[in-house]
């Protein structure tokens, strides 16, 4: 990764950024610095949505016995040969097989047993005659249709064969996956441990989430947004509350028991932006200032073997910086794909999108009548622009934008 070996920022307040890193520089740093994920064992009931830490191989076949797939009668298929409504045949009923309670006896030609769906199939007979193809008279049935050998019989291993890999490492478990695991006798699952993400939300002007703004105070919008994004990406949020804008409090918060620290606010080069200096002095501030809009004040480094991401306080910048950078590390640690989880569409632009060469732009857009309508590519504090938007378009640093009618990729907000 290209990097100036003499770049060692310390106190950057009121001095501006020493350089602007490209988005690709940042992604390369993240991939280089993010440690391997670790695994843990959880109960099957707690495994939904978790990522498998290893392959799961079945030690049993499912089903492990031949069973009826319909309600009816277990018969020799040959005893039904040629039977129709006009050429009926009779069989004597000598017993029954119920789920969990098989027939204990022998069956000879000319005889049959009642059998219910899922009940064990006697080894003597080879087919199930559906009840609707019969007329029942006490202990005798009149056959009015024929069945072939093996008809309506579920064979051992028909669903899962013993020794086969049922689910592979890296799979994010769904409810139906838990059902399959239960069916093969799995009660505990090895999954990737959810990375702990410490939120450090700073700002003396901030009120707790959900508070009504008053005087010159504003309500914290970033922690609810970041908490939801972290949960989306498989992380576990640690957020005791808003941290005062003073160095001692921020430094103490850096010492949290977590894999990743996200600092929102106080990450730029203003007089009260303490986090970059603290990170540079007590850890490493490897990147500070990115050639992108919004989110240019973003930074990243390490503290006590923890990854630290400095996210701007402006809400749209915070969202953009998280999605571009911190989310990648969270997903990698959570065992998920590093790539964005957003669905994508390719549609034409209703009007042009303008950018500046040398900078990556994150443009919020809406979709109207099958075309992409730009909302804004500025206004980092206008969080409502993201709720009006259906998604965003990325304008790469080597482009001046896109012309009207150009086909572009839209990353859809969930």
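The values are calculated or read from the model by the stated rules, or taken from the named source; none is laboratory data. Quick caveat, the model's predicted, so the values are computed rather than measured. Cβ atoms come from the backbone with ideal geometry, glycine included; neighbour counts cover every protein chain shown.
List of remarks:
- Applying the criterion of at least 1 residues that are surrounded by 24 or more Cβ atoms within 10 Å (Cβ to Cβ) and in contact with a helix residue (DSSP H, G or I) (Cβ under 7 Å, 6 or more places away or on another chain) to the strands (runs of 3 or more DSSP E) found wholly in the range 256-350 leaves 260-264, 284-288, 299-303, 306-311.
- Within the range 54-68, if we keep just the residues that are in contact with a strand residue (DSSP E or B) (Cβ under 9 Å, 6 or more places away or on another chain) and in a loop (DSSP other than H, G, I, E, B), the residue that is farthest from residue 132 (Cα to Cα) turns out to be 54.
- Of the residues making up the range 362-390, those that are at pLDDT 90 or above and at positive phi are 369, 370.
- Enumeration of residues in the range 146-169 that are loosely packed, with under 14 Cβ neighbours inside 10 Å and within 10 Å of residue 57 (Cα to Cα): 161, 163, 164, 165, 168
- Scanning the range 69-113 for residues that are without any contact (Cβ under 8 Å) to a residue 40 or more places away in the chain, part of a loop (DSSP other than H, G, I, E, B) and more than 12 Å from residue 123 (Cα to Cα) yields a count of 6.
- Only listed residue being farther than 26 Å from residue 47 by Cα and within 26 Å of the chain's Cα centre (by Cα), chosen from 280, 321, 350, 253: 321
- The criterion of at least 3 residues that are surrounded by fewer than 21 Cβ atoms within 10 Å (Cβ to Cβ) and on the phi < 0 side of the Ramachandran plot is met, among strands (runs of 3 or more DSSP E) falling completely within the range 179-245, by 236-238.
- Residue ID - surrounded by the most Cβ atoms within 10 Å (Cβ to Cβ), chosen from residues in the range 395-414 that are modelled with pLDDT under 95 and under 15 Å from residue 342 (Cβ atoms): 413
- Of all the listed residues (327, 338), the sole one being under 30 Å from residue 171 (Cβ atoms) and in the same structural domain as residue 298 (by TED's automatic domain parsing) is 327.
- If only residues of the range 126-145 that are in a loop (DSSP other than H, G, I, E, B) and touching a helix residue (DSSP H, G or I) at 6+ places or on another chain (Cβ under 8 Å) are counted, the one that is surrounded by the fewest Cβ atoms within 10 Å (Cβ to Cβ) is 145.
- If you go through the range 75-125 and keep only what is on the phi > 0 side of the Ramachandran plot and in contact with a helix residue (DSSP H, G or I) (Cβ under 8 Å, 6 or more places away or on another chain), you end up with just 110.
- The sole residue among 166, 147 that is modelled with pLDDT of 95 or more and not assigned by TED's automatic domain parsing to the domain that holds residue 53 is 147.
- If the condition is being over 11 Å from residue 75 (Cβ atoms) and in a loop (DSSP other than H, G, I, E, B), then the range 146-167 contributes 148, 150, 155, 156, 157, 158, 159, 161, 162, 163, 164.
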